[in-house]
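K.L.:
Sharing a structure below in structure tokens format, with a few things to ask.
The values are calculated or read from the model by the stated rules, or taken from the named source; none is laboratory data. As the structure is a computational prediction, the values presented were derived from the model and not from experiment. Reconstructed Cβ throughout: ideal geometry from the backbone, glycine too, with neighbour counts over all protein chains shown. In case anyone asks, the SASA skips ligands and DNA or RNA and just uses the protein heavy atoms, side chains included. Shrake-Rupley method; radii C 1.70, N 1.55, O 1.52, S 1.80 Å.
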Amino acid sequence: MATPAASSGAEAPKIVWNEAKRRFESEDQKAYIEYVLRENGKVMDLVHTFVPSSKRGLGLASHLCVAAFNHAKSNSISVIPTCSYVSDTFLPRNPSWNSVLYSGPGEMKSSI
């Protein structure tokens, strides 16, 4: 029997929150999604996702996004999807996360 976290039989990678570096990262720290907190910590701007070439194609970027969005949701933080992976790939594939997106004045988009 497959476990709930498993997809296609593989165990989901462990993603950890590195608050000091403002990112969520793989256990080996080689893959990560970086963020900037805005609006006094009420908004998380996801600015960059990186997965080394040796780990691409395994769904790791998606797992990083899910960790960031889960953190945001559980802490009542809105998300700005500045990173093109988040806005152009992850969100269209996972529209259920649209409810967590920031919808403040001017639909803020980072200039980073």
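K.L.:
For residue 49, only one of the following conditions fails: (1) surrounded by fewer than 18 Cβ atoms within 10 Å (Cβ to Cβ); (2) modelled with pLDDT of 95 or more; (3) closer than 21 Å to residue 13 by Cα. What is its number?
P.N.:
Among (1) surrounded by fewer than 18 Cβ atoms within 10 Å (Cβ to Cβ); (2) modelled with pLDDT of 95 or more; (3) closer than 21 Å to residue 13 by Cα, residue 49 violates only (1).
K.L.:
Oh, and also: Which condition from (1) open to solvent by 50 Å² or more (accessible area, probe 1.4 Å); (2) within 17 Å of residue 20 (Cα to Cα) is the one that residue 72 breaks?
P.N.:
(1)
K.L.:
Please list, ordered by residue number, the strands (runs of 3 or more DSSP E) wholly in the range 26-112 having 1 or more residues that are small (Gly, Ala, Ser).
P.N.:
Fully inside the range 26-112 and qualifying: 78-80.
K.L.:
While we're on this one: Residues of the range 9-25 being open to solvent by less than 70 Å² (accessible area, probe 1.4 Å) and assigned to a strand (DSSP E or B), which ones?
P.N.:
The answer is 10, 15, 16, 18, 23, 24, 25.
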